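In what follows, a structure is listed as structure tokens, so that the remarks can point back to it.
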Amino acid sequence: ADLGEQMDESELLREWFDLLRERSEVHRYERELMVRAQEMELEDRHARLQQELRDRMSVDDSNKSRDDVAKEGQILKEMLEIVERRDSLILLLEKDRQRCGGRSPISGQLHHFPSRATNNCAIVVFVLLAWTLSYVVVGSLL
């Protein structure tokens, strides 16, 4: 009977550890989904800001007030902040993935952003340079 109790006890311990591991994976999955949701919200906000900036930049510089130019600068600043926040979210996911053995519960799903981050950052930097040059030109004309 003593051997049977030990078997039952070891089986219960193995099941207990399996449940703990499964619970940990579910928590990690939940964290990853939350980060992905934040990433998607930032991506949506970035797209709306890009459209607003395109609309504002389509107006001839000679028709822009200082407030218009300042608003363009604010938009660019917010776009850069969004890119930085998304990059930090991606870094957070990568660190979590490495810490947990490199497996991701939803790898391959929704993870289309990293390649776009570099492109968006390059676009924002280019637009920022163009904005700065136009601000200097408009400022020197006024």
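A quick yes/no check of all residues on (1) open to solvent by 20 Å² or more (accessible area, probe 1.4 Å); (2) at pLDDT 80 or above; (3) part of a helix (DSSP H, G or I):
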residue	(1), (2), (3)
Glu52	yes, yes, yes
Arg56	yes, yes, yes
Ser62	yes, yes, yes
Glu72	no, yes, yes
Lys77	yes, yes, yes
Leu80	yes, yes, yes
Arg85	yes, yes, yes
Gln109	yes, no, no
Suppose the filter is exposed (fewer than 12 other Cβ atoms within 10 Å of the Cβ) and either farther than 17 Å from Leu92 by Cβ or not aliphatic (A, V, I, L, M) (or both); does His46 pass it?
no
Any residue at all in region 20-31 that's of a type outside the set (Phe, Trp, Tyr) and under 27 Å from Leu80 (Cα atoms)?
yes
Of the residues Leu19, Leu12, which single one is open to solvent by 100 Å² or more (accessible area, probe 1.4 Å) and among the aliphatic types (A, V, I, L, M)?
Leu12
Can you tell me which of (1) at pLDDT below 90; (2) assigned to a helix (DSSP H, G or I); (3) exposed (fewer than 12 other Cβ atoms within 10 Å of the Cβ) is the one Leu92 doesn't meet?
(3)
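The values are calculated or read from the model by the stated rules, or taken from the named source; none is laboratory data. Quick caveat, the model's predicted, so the values are computed rather than measured. We place every Cβ from the backbone using ideal geometry, glycine too, and count neighbours over all the protein chains shown. The accessibility values were calculated without ligands, DNA or RNA, using every heavy atom of the protein model including side chains. Shrake-Rupley method; radii C 1.70, N 1.55, O 1.52, S 1.80 Å.
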